[in-house]
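Everything below concerns the one structure shown next.
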Amino acid sequence: MKEFFEILQHEAKEIDIKFLRSSIEGKGTSQEVSDFREHAVQDFIQKYYPYPYRITKGGIYDSNGMRSDSIDCIILNPAHPHTINSHGKHSLILADGVDAAIEVKPDISVKKELERGLIQGVSVKELRRASSPLLKRIGQPHPDTIIEHSKQVPFFIFAMKAKSDITKTIQDIKNYYSENNISIDYQLDGIIVQNKGIIMNYKDKSYFNWSGGSITDEQKVGWVYEDWQENTLAGFLSHLNEVFPATARLSKPVIKYYLQNISIGLDFHGR
C-alpha cells in the first residue's frame with residue numbers, strides 16, 4: 001500500500017529531526033540528550049502498538065530471578081500487569097509480558113557503542129519466559145529449538161548510523177560474538193539502521209520471510225542485510241510483527257496486510 005509506506009517515510013523524517021533537536025533540547029547533560037532520543041523511538045513504536053500495549057524502559061526480570069540490563073524501549077503485551085509506581089513508571093517489568101526489547105544507539109560505527117548494545121542484548125537473551133507462546137499443534141509438534149527460541153524476549157538495536165560499508169559493521173558483530181564465545185541463542189535478532197536497512201540474524205530457516213530467485217536453505221540461516229533504504233521503518237514494523245510475542249496470537253497482525261508486495265535487496269553473510 002503506497003500511502004502507508006509514504007506515511008512511514010514521514011515518520012522516519014520526524015525521528016531524524018527529533019534526534020537532531022535532542023542535542024539542543026538536552027543541552028547540558030548527555031543523559032538528557034539520550035532521553036530525548038529514546039523518546040523519539042518510543043513515540044514511534046507507541047503509534048503502532050497503541051493501548052492496551054504499553055511502552056516503557058528499564059530492566060526486565062524473569063521468573064528465575066534473572067534481570068537484564070536497562071533497555072531503552074520495551075513493548076509490553078496487554079497481558080503484562082499494570083505495575084505502575086507513584087511516578088508513572090513501571091516498577092517491575094516481567095519477561096512473560098514483554099513482546100520485544102529495543103535498545104537505541106545513535107552511532108554503532110563506534111565499536112564501543114556497538115559492543116555495549118550487543119552486551120545488553122545478551123542480558124536480554126539470558127532471560128526465559130516461563131512458557132512458550134506457541135499454540136500446540138496436533139500431530140506436528142514444534143521443534144524443540146523453535147520452542148526454546150519462543151521463550152526468549154526478542155531484542156533489536158535501533159541505530160541512526162553504522163559504518164558506510166555495512167559489511168564492516170556485520171563483521172564487527174560476528175567478530176564480537178566469536179571472540180566472546182557467544183552462541184546463537186544469546187545473540188540479538190536484528191539491527192535497524194535508520195534510512196539504510198536492517199541487519200537480521202536469522203536463527204532458523206523457518207524465520208526467513210523472503211522468497212523468489214535461487215535462495216538456498218543455507219542462505220536462510222545467518223546474517224542477512226536487507227536494503228530497505230527510505231522504507232526501513234516499514235521493515236522494522238514487519239519484523240516486530242514476526243517475532244514471538246509474550247502471548248499466543250490467534251490471528252495475523254493487521255499491519256502485516258499493508259507491508260506486503262515489496263521488493264528489497266538482500267545481501268547474505270552466513271553464520
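Residues that are under 26 Å from E230 (Cα atoms) and either open to solvent by 60 Å² or more (accessible area, probe 1.4 Å) or outside any helix (DSSP H, G or I) (or both): does the range 54-65 have at least one?
Yes - at least one qualifying residue is present in the range 54-65.
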Residue that is farthest from V254 (Cα to Cα) [pool: residues in the range 28-52 that are of a type in the set (F, W, Y) and in contact (Cβ under 8 Å) with a residue 12 or more places away in the chain]: F36
Going by the structure shown, is D107 charged (D, E, K, R) and under 24 Å from S132 (Cβ atoms)? no
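Residues checked against (1) open to solvent by 40 Å² or more (accessible area, probe 1.4 Å); (2) more than 20 Å from A159 (Cβ to Cβ):
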{"site": "N195", "(1), (2)": "yes, no"}
{"site": "I199", "(1), (2)": "no, no"}
{"site": "Y202", "(1), (2)": "no, no"}
{"site": "S211", "(1), (2)": "yes, yes"}
{"site": "V221", "(1), (2)": "yes, yes"}
{"site": "D227", "(1), (2)": "yes, no"}
{"site": "L233", "(1), (2)": "no, no"}
{"site": "S251", "(1), (2)": "yes, yes"}
{"site": "L259", "(1), (2)": "no, yes"}
If the Cβ limit is 8 Å and pairs must be 6+ apart or interchain, which residue in the range 248-261 that is under 21 Å from L134 (Cα atoms) and of a type in the set (G, A, S) pairs with which residue that is at pLDDT 80 or above and not in a helix (DSSP H, G or I)? A248/P133; A248/L134; A248/L135
Quick check on L114: is it open to solvent by less than 60 Å² (accessible area, probe 1.4 Å), part of a loop (DSSP other than H, G, I, E, B) and either free of Cβ contacts under 8 Å to residues at least 24 places away in the same chain or more than 20 Å from I45 (Cβ to Cβ) (or both)? no
F244: passes all of (1) closer than 25 Å to S68 by Cα; (2) out of contact with any Leu (no Cβ under 9 Å at 6 or more places or on another chain); (3) open to solvent by 30 Å² or more (accessible area, probe 1.4 Å); (4) of a type outside the set (V, I, T) but (2)
Pick from I55, I60, I17, I74: which is in contact (Cβ under 8 Å) with a residue 24 or more places away in the chain and closer than 29 Å to I262 by Cβ? I74
Report, by residue number, each residue of the range 124-137 that is of a type outside the set (D, E), within 30 Å of K163 (Cβ to Cβ) and open to solvent by 10 Å² or more (accessible area, probe 1.4 Å). none
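Conditions tested, residue by residue: (1) among the hydrophobic types (A, V, I, L, M, F, W, C); (2) in contact with a helix residue (DSSP H, G or I) (Cβ under 9 Å, 6 or more places away or on another chain).
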position: I166; (1), (2): yes, no
position: L188; (1), (2): yes, yes
position: K203; (1), (2): no, yes
position: G213; (1), (2): no, no
position: Q229; (1), (2): no, no
position: R249; (1), (2): no, no
position: Y258; (1), (2): no, yes
position: R271; (1), (2): no, yes
In the range 223-241, which residues are under 21 Å from R129 (Cβ atoms) and either touching a residue at least 60 places away in the same chain (Cβ under 8 Å) or out of contact with any Pro (no Cβ under 9 Å at 6 or more places or on another chain) (or both)? H239, L240
Candidates I93, I102, filtered to the one that is buried (at least 16 other Cβ atoms within 10 Å of the Cβ) and within 22 Å of I173 (Cβ to Cβ): I102
Would the range 153-168 turn up any residue that is part of a helix (DSSP H, G or I), touching a residue at least 60 places away in the same chain (Cβ under 8 Å) and either open to solvent by less than 10 Å² (accessible area, probe 1.4 Å) or touching an Asp or Glu at 6+ places or on another chain (Cβ under 6 Å) (or both)? no
Sole residue being closer than 18 Å to I262 by Cα, free of Cβ contacts under 8 Å to residues at least 12 places away in the same chain and small (G, A, S), chosen from S183, S211: S211
If you take the residues in the range 26-53 that are at pLDDT below 90 and more than 28 Å from Q229 (Cβ to Cβ), which one is most open to solvent (accessible area, probe 1.4 Å)? K27
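With the structure loaded, tell me whether A101 is small (G, A, S), assigned to a strand (DSSP E or B) and under 22 Å from D43 (Cα atoms) or whether it fails that test.
Spelling it out, A101 is indeed small (G, A, S), assigned to a strand (DSSP E or B) and under 22 Å from D43 (Cα atoms).
The values are calculated or read from the model by the stated rules, or taken from the named source; none is laboratory data. Bear in mind that the values here come from a model prediction, so they are computed numbers and not experimental data. Here the Cβ is made from the backbone with ideal geometry for all residues, glycine too, and neighbour counts use every protein chain on show. Heavy atoms of the whole protein, side chains included, go into the accessibility calculation; ligands, DNA and RNA do not. Shrake-Rupley method; radii C 1.70, N 1.55, O 1.52, S 1.80 Å.
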